[in-house]
Amino acid sequence: MTSNITVPDGWVISYEDPNLIKELLPYQYIDMGIGGGGIFINLVLLSILISSKYFLNNGRLTILLCIGDLINCLYICLQGYQRSLIYVKILNYNIIRPMTYWTCALMPFDWTGIIGSLLTHMVTLVMGLERIIALKFPVIFKRYFSNNQIVPTIFCLGYVVLSVIIAFILAFIKRNVLTKYYCGRKASYTAAYTSFIYIMNIVGYSVCFLLTIIVMLHIKLTSKESLEK
């Protein structure tokens, strides 16, 4: 059967189970739908935020978080779209394109995926720190956070830029190493780097949640004491 297949340059014959590919294909369309819906919602939210003088002056981290969520939704949509093309090619022509870490790293859904993940977890972490600093260290808060949030915004963007540079350096080092044909962050930027992203996601969201709870409890207790007096 495979002997009659004409394989274009840069492609190889696929030995994937067609039934498995058929099962995977609908999920890619679901990703496209969910991602597209998220893009629309975040665009509406972003337009509201940037049209508000308050958020432009005092809520830049909130705007940055919205941009991060928008990029994450774009990642989900692009992942569904690009993988659906790969799977359709397998079903129709029984061929796949061999991918290296570097060629996968250049896939739009992969680099949007790491940018969105890096930006959201760091902004969330900084927002949590901002709350506890405002509560316990008002002088530091006034100096670094109350000035249009310029310092924390620059810090978050710098963290993302540096982390993305490291990701592409790792991918370039393994530019001649074959990886999974359907790519993904682990298949593009190494398992170690992907683990770093997962850990930072947990740290960013968990720390922000805990610090927010601490601030809320402190405000509740101090308010209760004030009322009793």
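What follows is calculated from the coordinates using simple rules that are stated; it is not laboratory data. Treat the numbers as computed from the prediction; the structure is a model and nothing was measured. Note: ideal-geometry Cβ built from the backbone for every residue, glycine included; neighbour counts use all protein chains shown.
Across the range 1-57, the qualifying residues are those that are small (Gly, Ala, Ser), in a helix (DSSP H, G or I) and over 30 Å from Ile95 (Cβ atoms), and the one among them that is farthest from the chain's Cα centre (by Cα) is Ser47. Of the candidates Leu162, Leu170, Leu210, Leu178, the single residue that is under 26 Å from Ile67 (Cβ atoms) and in contact with a Phe, Trp or Tyr (Cβ under 9 Å, 6 or more places away or on another chain) is Leu170.
Asn42 passes all but one of (1) within 30 Å of Ile96 (Cβ to Cβ); (2) in contact with a Cys (Cβ under 8 Å, 6 or more places away or on another chain); which number fails? Just one mismatch for Asn42, condition (1). Filtering the range 171-178 for residues that are among the polar types (S, T, N, Q), loosely packed, with under 11 Cβ neighbours inside 10 Å and assigned to a loop (DSSP other than H, G, I, E, B) leaves a non-empty set.
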